[in-house]
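To start, the structure itself, in structure tokens.
The values are calculated or read from the model by the stated rules, or taken from the named source; none is laboratory data. Remember, predicted model here, so these are calculated numbers, not experimental data. Reconstructed Cβ throughout: ideal geometry from the backbone, glycine too, with neighbour counts over all protein chains shown. The accessibility values were calculated without ligands, DNA or RNA, using every heavy atom of the protein model including side chains. Shrake-Rupley method; radii C 1.70, N 1.55, O 1.52, S 1.80 Å.
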Amino acid sequence: MNRLVVGAQWGDEGKGKIVDILAKDVDIVVRYQGGSNAGHTVCVGDQTFILHLIPSGILHPGKICVIGNGVVVDPASFLEEKETLEKLGIDLDNRVLISQKAHLVMPYHKVLDTLKEESIRKTKIGTTKRGIGPCYVDKHARTGIRVCDMLEPDLLKSKIEHNVAEINRLLKHHNQEEFSANEIYETYLKYAQKLSPFIENTVYYLNEAWKQGKRLLFEGAQGCLLDVDFGTYPFVTSSNPTVGGLFTGTGLSHKALDRVMGVVKAYTTRVGNGPFPSELTDELGDEIRNRGSEYGATTGRPRRCGWLDLVLVKYAVMLNGMDEIAMTKIDVLDGLDEIMVCVAYELDGKRIEYVPSSLSEFGRCKPIYERFKGWEKTAGVETYDALPKEAMEYIRFIEEYLGIPVTYVSTGSKRSQIIAR
Ligand code: IMP
């Protein structure tokens with residue numbers, strides 16, 4: 001069975017842990033979008049791994065990890081992650097494949113990301129400044145540089161020269177230091193040497209693997225509400241974490257996907273700007289942030305915290321045809337007297353149960369809550385029957401609202417702290 005694991009909120013749902021758990025039963029783990037803006041945290045024994053670009057399956061010996069064509073690859077970030085993993089005794093040789101068609105994040109993309117954010121203070125997105133947006137802009141403007149271009153020095157040189165001439169005109173205008181095309185070229189030639197053993201035609205590789213009956217696990221990065229088409233635009237990332245991104249980001253057909261699992265945190269977080277109807281801006285929000293260690297895995301920024309918003313999650317269920325939910329971090333809510341869940345919005349005096357397309361309308365949405373009695377302790381619980389009855393009631397309500405089952409409940413950061421139903 002080939003399964004997609006996708007975040008059903010604004011990212012940081014705990015996909016890394018779920019992928020790590022499911023990875024033991026598959027052959028290949030595949031990333032299909034995003035880049036090193038992602039931060040997938042996995043705790044194994046006493047060690048905590050934060051993976052940005054390499055699929056979380058790498059922590060299971062023998063599993064193949066594919067970085068698909070829809071991913072934007074920062075070679076510096078890849079090599080840094082490779083080195084960290086190797087120091088921990090995890091060998092990447094013959095286990096990681098990078099798509100020839102994936103686009104390269106270049107140094108000027110990162111500078112552009114920062115410049116853009118600084119020039120639009122009012123609608124600042126709060127990006128991770130990893131150059132993700134500008135890299136996808138080049139991809140769609142058809143001026144991007146692909147991984148396979150690195151292996152053709154003349155082509156690489158001319159593309160870099162062309163792009164750098166353009167970016168330098170802009171940098172001059174902003175009184176910023178200009179780039180040297182030659183320096184970038186020399187650096188990327190070195191990267192090409194180091195990356196070449198990993199570069200592969202992953203489109204054919206994955207299709208062949210699928211035909212041979214290999215079990216595939218697709219790891220979405222970010223979350224559905226950050227999707228460039230379906231998220232809270234413009235406060236989104238520049239790729240499609242939703243299911244469509246899997247097909248364009250791998251070259252596999254829809255027939256290769258059997259099941260979609262949404263990962264939902266027991267509450268909601270958001271890092272970066274944009275409307276967040278169920279946000280808690282009071283002490284309770286701070287308490288949840290501290291208990292849940294809600295600080296960005298990539299940027300260290302404090303995450304905004306709030307109650308679970310089921311209107312958003314139901315939208316994500318619909319967009320992706322989700323079959324099941326993995327609920328994470330339920331233990332963070334342990335010991336609260338009362339827990340609220342947003343089940344609808346009030347928009348200009350009317351009750352609505354959908355996510356408006358207009359950002360200003362979404363910004364005016366006030367949460368309508370259902371109240372639940374809190375529970376004592378779920379932390380570390382490993383069987384469903386051992387959960388407090390109030391926690392079971394919370395889960396039962398979520399299943400009923402969404403119309404799909406909660407098949408996993410994570411009760412702590414360790415691999416063993418999970419309930420599989
Ligand atoms: P970008 O992807 O760096 O362009 O950032 C765009 C928006 O997506 C910002 O609000 C980021 O905070 C958010 N974002 C990007 N990657 C992640 C992630 O892995 N988790 C949560 N938010 C993310």
Taking the stated definitions as given, is residue 65 touching a strand residue (DSSP E or B) at 6+ places or on another chain (Cβ under 8 Å) and more than 12 Å from residue 218 (Cα to Cα)?
no
Given the conditions (1) over 23 Å from residue 307 (Cβ atoms); (2) touching a strand residue (DSSP E or B) at 6+ places or on another chain (Cβ under 7 Å); (3) surrounded by fewer than 23 Cβ atoms within 10 Å (Cβ to Cβ), and given that residue 277 satisfies all but one, which numbered condition is not satisfied?
(1)
Residues located in region 166-206, provided they are exposed (fewer than 14 other Cβ atoms within 10 Å of the Cβ), within 17 Å of residue 74 (Cα to Cα) and among the hydroxyl-bearing types (Ser, Thr, Tyr):
196
Could you look through region 277-309, keep only residues that are of a type in the set (Lys, Arg) and farther than 17 Å from residue 363 by Cα, and pick out the one that is modelled with the lowest pLDDT?
301
Exactly one of 132, 98, 120 is within 22 Å of the chain's Cα centre (by Cα) and within 14 Å of the ligand (Cβ to nearest atom), and that one is 132
Does residue 67 qualify as being within 16 Å of the ligand (Cβ to nearest atom) and open to solvent by 40 Å² or more (accessible area, probe 1.4 Å)?
no
Which one is nearest to the ligand (Cβ to nearest atom) among residues in region 263-280 that are among the hydrophobic types (A, V, I, L, M, F, W, C) and more than 22 Å from residue 318 (Cα to Cα)?
271
Does residue 408 qualify as being open to solvent by 30 Å² or more (accessible area, probe 1.4 Å) and aromatic (Phe, Trp, Tyr)?
yes
With region 1-52 as the region, which strands (runs of 3 or more DSSP E) entirely inside it contain at least 3 residues that are closer than 21 Å to residue 202 by Cα and touching a residue at least 60 places away in the same chain (Cβ under 8 Å)?
3-7, 28-31
